[in-house]
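Participant: Starting off with a structure, shown below.
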Amino acid sequence: MVEYRFAEIERRWQERWLKEKIFEAREDDTRPKYYLVEMLPYPSGRIHMGHVRNYSIGDAVARAQRMQGRNVLHPMGWDSFGLPAENAAIAHGVHPHKWTEENIAYMRQQMQSLGLSYAWSREFAAHRVEYYRWNQWLFLELHRRDLVYRSERLVNWCESCGTVLANEQVKEGTCWRCETPVTQRKRDQWFIRITRYAQELLDGIDRLEHWPDRVRTMQRNWIGGSEGAFIEFPLETGRGGIKVYTTRIDTIFGATALFVSPEHPDVEALVEENPEQDLVMAFVEKQRGLNPLERAAEGAVKEGIFTGRRARNPFTGEALPIWVANFVLVEYGTGAVMAVPGHDQRDYDFCKEYSLPVRPVIRPLDGSEPAEGVAFEEDGELFNSGPFSSLKSPEARTRMVKAAQEGGFGSATVQYRLKDWGISRQRYWGTPIPMIFCDKCGIVPVPVEDLPVRLPEKVKIEVIGSSPLARVPEFVNVKCPSCGGKARRETDTMDTVFDSSWYFYRYTDPRNESAPFDVSVTAHWTPIDLYIGGIEHATLHLIYARFFCKVLRDMGLLRVDEPADHLLTQGMVIRDGAKMSKSKGNVVDADAMVERYGADTTRLFALFAAPPQRDLEWNEHGVEGCYRFLNRLWRLVERARPLIAPEGGGVDCVSGLVMPETAGNEDARALELRRLTHRKIERVTGDLGERIHLNTAVAAIMELLNGVSDFVEGGVERPSEKASLREAVEVMVHLLAPFAPHISEEIWQGLGHPDLISCRSWPSTEPALLVMDEVTVIVQVNGKLRGRLSLPRGCEQDAALEAARADEGICRHLNGRSVRRVVYVPDKLLNLVVA
């Protein structure tokens, strides 16, 4: 018997696929398109098992869709700008470009060794000028549309990385990359007005029908639209006032103070004439040095200090003290809030601490008394609220906003938790921002015809809190495009998330030298049919990707509103209960797995061990089980090969499988095998479809192997038996091809087929073979006869259990009790052991 030499087999088929460019794609209106993208990786040097799982999921679906007749575009590229390359340059003295290119070459080879069906001719990398020049072009287009601006702001700062972070890159007060505590600094930064699209981003979430509910909820909460009002509280003395944002204007008669953030721009002016100015500013400076997110966190100590100034409530005329409070965030609303301790627990706690009055103005609708020592935060009926007393909260809010608008001291508004996207980064390895500073002309965009602004190669890379580019005179010093005088370039680089917010459109037209992509070409492929990546990207990459889609649509470059129709968020690969990481010492080397077991086994385990959306617990025994399955398949085909040589048969033009001339005259064994085969075609086809249950698809193929093995053990002599066996074997290889493509190609060729199984049509079912004979199954509850069910012959346990629970008589005996154990003998007995 020929041995299963996986290394030799896999290398041979990988070389043939690449040589014949089997997986390349071009526009073809005669076939339905299918555009599948896995989130492009950062070229860190090695792919890990999380990568293997992610790419194996995508590859299985891509191969199945291709066999089912769709024109599949399945590309791969590299998110190759970013801090790791720069940090490697500092640590090892190697240029980021060299480090990145070497890593790309190695990881590409790893991907090819897994047999991933990528259209490699479309590969690109974000650090190459052919790509990042279009980052710069898009930046200038955003600037031209007033979607880019420069402003001095308090920004998130990571001391370890030496750069600014976007809000979405701060995780629980720490840097998303290195987990260093994040602080706040004031810096001039470039911002993108993503908030201009906030409402459209929010409204569009409900139309993302094929995105996970968890992602949609996370985005809805992150964007966070809330209806409220701006109210101006005029200062008691002097000009001006304090503008607050509130969602509960119905509580304004209960306001007893105003709280401003330590970072509020008017703090210095408010304390200017206060004899205790030094004391107040010492408190303010101390708070400014702390992390605002930690200051405002639930359970954090609430601190404040009186500014010495007051402002009048425009509804009552009462003069309210203005306090600096540590928990007020400058970026929320206006950086100032009205304190209503009777109806906000945080305000209540603060006011009690500092002996400020508490004045309830809303009572419960049921007439009950609110609990002592707790703020009543729900809607209710107003009292002690002047002309608005006795109104219910919703009506009161409407009337009070109208009164504020008519009085000229307020207006209705919608505020978002989402803030404009700060994209300036004080590092080298990123896209240069194409702007120039001129003392005479101000800020001047680089002319489009002067793009790209190239990264200089000879740069001393250090983490010093400012961009290394600032120390390269030949880069910095330029002529002003407007007046021709002396000027200097912007030396910050772009947030690398900019690179990854639009890359999937470049895949459709990657060699275009005159535009980011051709509108008509991209229109053919978009939206993405299936996008695969981790849940951790829900409020960073995926929000920015949706924003870019809408902006590019408004530029006339896209004809879709959302980037992807379906989103699959795959689970992590964990080991010993924890996510694999070098620091935990629980990493499994992907190369070692391929070398020891082969690519097909590695892929198969990644797909079989858990549903794609759930975490996968690494299990070496499970890997060995998949390896044994493939060896068992190989041996079975070798044993069956002499029995299934085609003799006098015809070819089924739908499935391409050799079928008996007298298909209606099979004996019972042959007919039962055909029924099993077609049930598995139906199951695997469904599992590879919209629901993407790849683990159960693999299980179905294993069940088919068991059935075929039993059939061979029973003897194969009649023509109908040989024909049914050949059909079953060839179907089995077809169904396995998306999961374990190398062994499938090898077996297919060994069965006498000159073509590639990767290019074959997917097997189809015969409806008559899906109609199953029915049998009577006895149902017991705790060993006692409680009913009988008519079930299809060969019915699986889950289906039998579902039928039992749907039977009224059996349900009465279950009486709502939980089923602790199930004993199932197919076609005979179902025993339910209940508590």
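The values are calculated or read from the model by the stated rules, or taken from the named source; none is laboratory data. The model shown is predicted, which means the values in this text are computed figures rather than measured ones. A quick note on method: Cβ atoms are made from the backbone with ideal geometry, for glycine too, and the neighbour counts reach across all protein chains shown. Side chains are part of the model used for accessible areas, which takes the heavy atoms of the whole protein and leaves out ligands, DNA and RNA. Shrake-Rupley method; radii C 1.70, N 1.55, O 1.52, S 1.80 Å.
Participant: How much length is gained if the chain between LYS460 and ARG214 is pulled fully straight, taking 0.36 nm per residue apart and subtracting their Cα-Cα distance, in nm to one decimal?
Facilitator: Value of the extension gain: 84.2 nm.
Participant: Using the alpha-carbon centroid of each, what span in Å lies between segment 697-725 and segment 378-430?
Facilitator: For segment 697-725 versus segment 378-430, the Cα centre distance is 69 Å.
Participant: Over the chain, what is the relative contact order in whole percent, taking alpha-carbon pairs under 8 Å and six or more residues apart?
Facilitator: With pairs under 8 Å counted, the relative contact order is 13 percent.
Participant: Name the trypsin sites (Lys or Arg not before Pro) in segment 756-835 that are in a loop by DSSP and that have at most 13 other C-beta atoms within 10 Å, would you?
Facilitator: ARG793, ARG817, LYS828
Participant: In addition: Kirkwood Rh and Cα-based Rg: tell me the resulting Rg over Rh for segment 429-496, rounded to two decimals.
Facilitator: My calculation of the ratio gives 0.96.
Participant: Dividing the Cα convex hull volume of segment 696-835 by residue count, how many Å³ per residue is that?
Facilitator: Per residue, the Cα convex hull of segment 696-835 comes to 149 Å³.
Participant: On to the next question. Nearest-5 percent of antiparallel DSSP beta bridges in the chain?
Facilitator: Counting only bridges with both partners in the chain, antiparallel ones make up about 75 percent.
Participant: Let me ask another. How far apart, in nm, are two points set 7 Å out from the Cα along the Cα-to-Cβ line at ASN384 and at LYS579?
Facilitator: About 4.9 nm separates the two model spin labels.
Participant: With the dipole of the chain worked out from charges on the C-beta (+1 for Lys and Arg, -1 for Asp and Glu) around the Cα centre, which of VAL340, GLN780, ILE322 lies farthest toward the positive end?
Facilitator: Projecting each Cα onto the dipole axis, the largest value belongs to ILE322.
Participant: While we're on this one: Stretched out fully, how many nm does the piece from GLU536 to LEU643 gain, at 0.36 nm a residue minus the Cα gap?
Facilitator: That works out to 33.3 nm of additional length.
Participant: Select from LEU736, ILE747, VAL698 the residue farthest towards the positive end of the dipole of segment 661-819; place +1 on Cβ of Lys and Arg, -1 on Cβ of Asp and Glu, and compute about the Cα centre.
Facilitator: VAL698
Participant: So, one more: Quick check: at a probe of 1.4 Å, how many percent of the accessible area of the chain sits on carbon and sulfur atoms?
Facilitator: Values: 17500 of 36430 Å².
Exposed carbon and sulfur together represent 48 percent of the surface.
Participant: From the helices alone, meaning DSSP H stretches of at least four residues, give me the mean residue ellipticity at 222 nm for the chain, per-run term -39500 (n - 2.57), in deg cm²/dmol to the nearest 500. Spell out each step's value before the answer.
Facilitator: Values: 27 runs with 302 residues, N = 835.
Estimated from H runs of four or more residues: -11000 deg cm²/dmol.
Participant: Let me ask something else. To the nearest 0.05, how large is the calculated FRET efficiency for GLU152 and LEU290 if R₀ is 22 Å and r is the Cβ-Cβ distance?
Facilitator: Here the calculated transfer efficiency is 0.65.
Participant: Still on this model: Would you mind working out the magnitude of the charge dipole of segment 1-114 relative to its Cα centre, with +1 at each Lys and Arg C-beta and -1 at each Asp and Glu C-beta, to the nearest 20 Debye?
Facilitator: Approximately 320 debye in magnitude.
Participant: Then there is this: Which of SER581, VAL459, ALA803 sits closest to the plus end of the dipole of the chain, meaning its Cα is farthest towards the positive end, when Lys and Arg get +1 and Asp and Glu get -1 on the C-beta?
Facilitator: It is VAL459.
Participant: Rounding to the nearest 10 and keeping the result within 0 to 90°, find how far the Cα-based axis of helix 741-750 lies from the longest principal axis of the chain.
Facilitator: 20 degrees
Participant: Measure off 7 Å from each Cα along the Cα-to-Cβ vector at GLU449 and TYR354, then give the distance between these two points in nanometres to one decimal.
Facilitator: According to this spin-label approximation, the distance is 6.0 nm.
Participant: Looking at the square roots a ≥ b ≥ c of the eigenvalues of the Cα gyration tensor of segment 194-333, which shape do they give, rounded for a/c under 1.5, prolate if a/b is larger than b/c, or oblate?
Facilitator: Judged from the Cα gyration tensor, segment 194-333 comes out prolate (a/c at least 1.5, a/b above b/c).
Participant: Ok, one more. Give the distance, in whole Å, between the Cα centre of segment 239-289 and the Cα centre of segment 58-75.
Facilitator: Between the Cα centres of segment 239-289 and segment 58-75 lies a distance of 59 Å.
Participant: With angles folded into 0 to 90 degrees, how steeply does helix 797-806 sit against the dominant principal axis of the chain? Use alpha carbons for both and round to 10.
Facilitator: Approximately 70 degrees, to the nearest 10.
Participant: Given Cα positions, please report Rg to Rh for segment 43-95, the hydrodynamic radius being the Kirkwood one.
Facilitator: Result for segment 43-95 is an Rg/Rh of 1.20.
Participant: If you average the alpha carbon positions of segment 339-373 and of segment 515-550, how far apart do those two centres end up, in angstrom?
Facilitator: 47 Å
Participant: Decide, for segment 470-543, between rounded, prolate and oblate: order the square roots of the alpha carbon gyration tensor eigenvalues as a ≥ b ≥ c, take rounded if a/c falls under 1.5, and otherwise choose prolate if a/b is larger than b/c, else oblate.
Facilitator: oblate
Participant: Quick check for me: using +1 on Lys/Arg Cβ and -1 on Asp/Glu Cβ, what's the dipole size of the chain about its Cα centre, in debye to the nearest 20? Intermediate results must be reported in sequence, preceding the final value.
Facilitator: Values: 104 positive and 118 negative charges, 149 e Å.
My answer is approximately 720 debye.
Participant: Here is a follow-up. Taking segment 105-262, how much of its Cα-Cα pair set, in percent, is spaced more than 20 angstrom apart?
Facilitator: Result for the distance tail: 76 percent.
Participant: A further question on this structure: With N set to the residue count of the chain, report its C-alpha Rg divided by 2.2 N^0.38 Å to two decimal places.
Facilitator: Relative to the 2.2 N^0.38 Å estimate, the chain comes out at 1.17.
Participant: Next question. Excluding same-chain residues fewer than 8 positions from LYS722, which aspartates and glutamates have a Cα within less than 16 Å of its Cα?
Facilitator: Partners within reach: GLU638, GLU647, ASP652, GLU661, GLU666, ASP667, GLU672, ASP710, GLU713, GLU730.
Participant: Take the residue pairs LYS419/LYS440; LYS98/LYS460; LYS243/LYS402; LYS171/LYS302; LYS186/LYS419 and return only those whose Cα atoms are more than 20 Å apart. Kindly include the intermediate steps, with their values, before the conclusion.
Facilitator: On the way: LYS419/LYS440 32 Å; LYS98/LYS460 15 Å; LYS243/LYS402 17 Å; LYS171/LYS302 22 Å; LYS186/LYS419 16 Å.
Over 20 Å apart, Cα to Cα: LYS419/LYS440; LYS171/LYS302.
Participant: For MET555 and LYS19, what does the FRET efficiency come to when R0 = 45 Å and r is the distance between their Cβ atoms, rounded to the nearest 0.05? Each step should come with its number before you reach the end.
Facilitator: Numbers: r = 40 Å, r/R0 = 0.88.
FRET efficiency, MET555 to LYS19: 0.70.
Participant: Dipole of segment 222-366, Cα-centred, from +1 at each Lys and Arg C-beta and -1 at each Asp and Glu C-beta, to the nearest 20 debye?
Facilitator: Once rounded to the nearest 20, the dipole reads 280 debye.
Participant: Once you sort the root eigenvalues of the Cα gyration tensor of segment 273-357 as a ≥ b ≥ c, which label holds: rounded (a/c under 1.5), prolate (a/b larger than b/c) or oblate (the other case)?
Facilitator: Verdict is oblate for segment 273-357.
Participant: Please go through segment 410-495 and write out the trypsin sites (Lys or Arg not before Pro) that DSSP classes as loop and that have at most 13 other C-beta atoms within 10 Å.
Facilitator: Those satisfying the criteria are LYS440, ARG454, LYS458, LYS460.
Participant: On to the next question. When the chain is fully extended, how far beyond the present Cα-Cα distance does ARG812 get from GLU406, taking 0.36 nm per residue of separation? Walk me through the numbers before you get to the answer.
Facilitator: Numbers: separation 406, 0.36 × 406 = 146.16 nm, distance 6.59 nm.
Extra length available between ARG812 and GLU406 comes to 139.6 nm.
Participant: If you don't mind, there's one more thing I want to ask. Accessible area per residue, 1.4 Å probe, Å², for the chain: what's the number?
Facilitator: Here the per-residue accessible area is 44 Å².
Participant: If you keep only loop residues by DSSP, which trypsin sites (Lys or Arg not before Pro) in segment 14-81 have at most 11 other Cβ atoms within 10 Å of their Cβ? Don't jump to the answer; show the numbers that get you there.
Facilitator: Details: sites: ARG16, LYS19, LYS21, ARG26, LYS33, ARG46, ARG53, ARG63, ARG66, ARG70; in loops: LYS21, ARG26, ARG46, ARG70.
Those satisfying the criteria are LYS21, ARG26.
Participant: Taking only Cα atoms, what is the 0 to 90° angle, nearest 10, from helix 719-736's long axis to the longest principal axis of the chain?
Facilitator: The helix 719-736 is inclined about 20 degrees to the chain.
Participant: Spin-label point model (7 Å from Cα, Cβ direction): what's the GLU172 to VAL825 distance in nm?
Facilitator: Spacing of the two 7 Å Cα→Cβ label points: 5.3 nm.
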